[in-house]
Amino acid sequence: MDHQQSTASCDLTPRPIVALEESVVNRIAAGEIIIRPANAIKELLENCIDAGATSVKITVKDGGAKMLQIQDNGSGIRKADLGILCERFTTSKIRKFDDLSSLCTYGFRGEALASISHIAHLTIATKTRSEGVGWKAQYSDGKLAPLKAGGPSDPQPCAGNDGTMITVEDMFYNVPQRRKALQSPSDEYRKILDVVTRYAIHNQGVAISCKKTGSASPDVNTTASATILETIGRLFSETLKKELMHLEFTDKKLGFKVEGYFSTANYNAKKAITMIFINNRLVDCSPLRKSLEITYQSILPKGNFPFIYISLEIAPDRVDPNVHPNKKEVHFLDQDEIVERICDKLNVFLAGSNSSRSYNVQTLLPMATPDDKGINSSQANPSQPKTSKSAKVLPQKLVRTDHRSQTLQSMLRRPTGLSGDDLTPGPSNSTEDLIGSQMPALSNNSSSQAPQSISHTIKIEESRCLLKSIQDLRQEIRLKNDDDLENLIRYHTFVGVVDTQKGYSCIQHETRLHLLYHFSFCEELFYQLGVRQFGSFDRIQLKPAVPVQTLVTLAVDSEPSKYLDEIGRSHAVQVSKPLSEKSVRGYIPRQKCWMNISHSKSTQPVALW
């Protein structure tokens, strides 16, 4: 009744239509694109990949509401572009509308940075490879703002590495309704990890890491050299990796190509994991996702769900990416036919994997009575609720499965007296100092968050040698090569010396610890190096020259044999006489004996062996 009275009393006079202020329009538009911190990470991560980055590091504080920081080693941003960088509809990806039909990048609207600058404090530090200095700028409402109160708003020179570092602070500080709608920091951080994980799997060749501020080790950490399958195993589990089958095919009639990894019938999960990339863009294609899940329903038990990673490549002129504010949906031609073709192909693969099944069998233990000794009250009364608290993993229990993903130093716990709050900007710890302290050097082949040991790899080329004896030795080494042992040596990590006197050290390969015997290892190593480089060693000049007879005597003493024992050492010394003859000296090839014998019956150069 009150509602009807209030409605009747309302003024029905039409209100005038006015144009909204630009700041209001921009803030409304920002709310459509940046819904939560995970959306901001998605947009910024795509910009890093578009810039050609091979290493991306992400740092998050309080679920991203307090701070998001992303650093890459891409092409950087020119100083001339910093003035309009955060204005709406400014981009380097397209020039005209028709360019959308040949789009090969993630971004094209030029709204991501603009939207972030309207709902957060945005700071950008960047450096291009052609410039000798980096530039730092702060933005507010799409415009340049002073880095310090009362200072100039122009970009300021700064030291830095090639690439860009973007820091987003106090997200939704001016949109209280949106800030209240955010979930807990841990839930928001999980959403960020989900986005980072999906892009880390798809973007082979880009090392991506993500961690909380103050954390010693990242929660997501991939290497640029890892394959898609290796990344899935690292980020999820080795069990899942073993249960994945690879599907790849091309349909020229419909004009698309598919590559993906799908779980077999033996994989059981309580929640479906589906990753769909169309032209490298992470999307939620409902028709394709639902059709794939329906395909699995015929082979999976009720309550179990599959793992699906699929990358669909379609000609850009057949795809419309401009159908959703945050680009999570795309439309493409012949959608129903393409989805049906993919599901038919997957059905054939699943039928082959369904020929055998593995089941987990629970072992039944003998029934225990309440009178049994050693039983406690909580075991005797199953109806009584149990409260268990997950214990933290002790440092000595941490397991490092890949030497490329993190160093031994990153496994160490940080001091208990230092927490993430110690990095909060304060009177003696400004935001600018915090940003500077978190800008480590980037390398194209490393995504580790902790200092790594420096290694120098030199490829030793095989020398050109026509001697049949050397060629036979090289062939013998190749035939006796052990692939497992080669893989262990190639990808091992040195742990430490066990015994210097006996020559033992520990090395780690994957999850196994091995004891290495130095003497046998070095003997085989230098033998193979000698055979590989035979004929290409440098020479040294012996001063004074060594008599040939002395060398032969040393050889007889160092390598006694049954033959030498029979003829006696006195006869062995006579071997030096033919070497001293002028006719013989001119006959022996230098490549075989590797020494010059002078008229004084002494050697001159001797090869390094």
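Of the residues that sit in segment 145-201 and are of a type in the set (Gly, Ala, Ser) and part of a strand (DSSP E or B), which one is nearest to Trp135 (Cα to Cα)? Looking at residues that are of a type in the set (Gly, Ala, Ser) and part of a strand (DSSP E or B), I get Gly163. Within segment 1-38, being polar (S, T, N, Q), at pLDDT below 70 and surrounded by 10 or more Cβ atoms within 10 Å (Cβ to Cβ) holds for one residue alone: Asn26. Counting the residues of segment 240-284 that are touching a residue at least 60 places away in the same chain (Cβ under 8 Å) and in a strand (DSSP E or B) gives 12. Here segment 40-74 is the region considered, the condition is being polar (S, T, N, Q) and at pLDDT 90 or above, and the residue that is nearest to Ala120 (Cα to Cα) is Gln69. Inspection of segment 142-151 finds no residue satisfying the criterion of being closer than 14 Å to Arg78 by Cβ and either surrounded by fewer than 13 Cβ atoms within 10 Å (Cβ to Cβ) or within 32 Å of the chain's Cα centre (by Cα) (or both). In segment 461-480, of all residues being within 37 Å of the chain's Cα centre (by Cα), part of a loop (DSSP other than H, G, I, E, B) and surrounded by fewer than 10 Cβ atoms within 10 Å (Cβ to Cβ), the one that is modelled with the highest pLDDT corresponds to Lys480. Among the conditions (1) of a type outside the set (A, V, I, L, M); (2) more than 20 Å from the chain's Cα centre (by Cα); (3) in a loop (DSSP other than H, G, I, E, B), the only one that Gln204 does not satisfy is (2). Total residues in segment 44-84 satisfying the condition of being charged (D, E, K, R), closer than 15 Å to Leu113 by Cβ and in a strand (DSSP E or B): the figure is 1. A residue that is closer than 18 Å to Glu337 by Cβ and not hydroxyl-bearing (Ser, Thr, Tyr) occurs nowhere in segment 295-309.
One residue stands out among those in segment 240-273 that are among the β-branched types (Val, Ile, Thr) and surrounded by 18 or more Cβ atoms within 10 Å (Cβ to Cβ): the one that is nearest to the chain's Cα centre (by Cα), which is Val258. Taking (1) in the same structural domain as Ala272 (by TED's automatic domain parsing); (2) farther than 30 Å from Val339 by Cβ in turn, Thr250 satisfies each apart from (2).
The values are calculated or read from the model by the stated rules, or taken from the named source; none is laboratory data. Predicted model only: the values in this text are computed from it and were never measured. Positions of Cβ are generated from backbone atoms using ideal geometry, with glycine treated the same way; all protein chains shown enter the neighbour counts.
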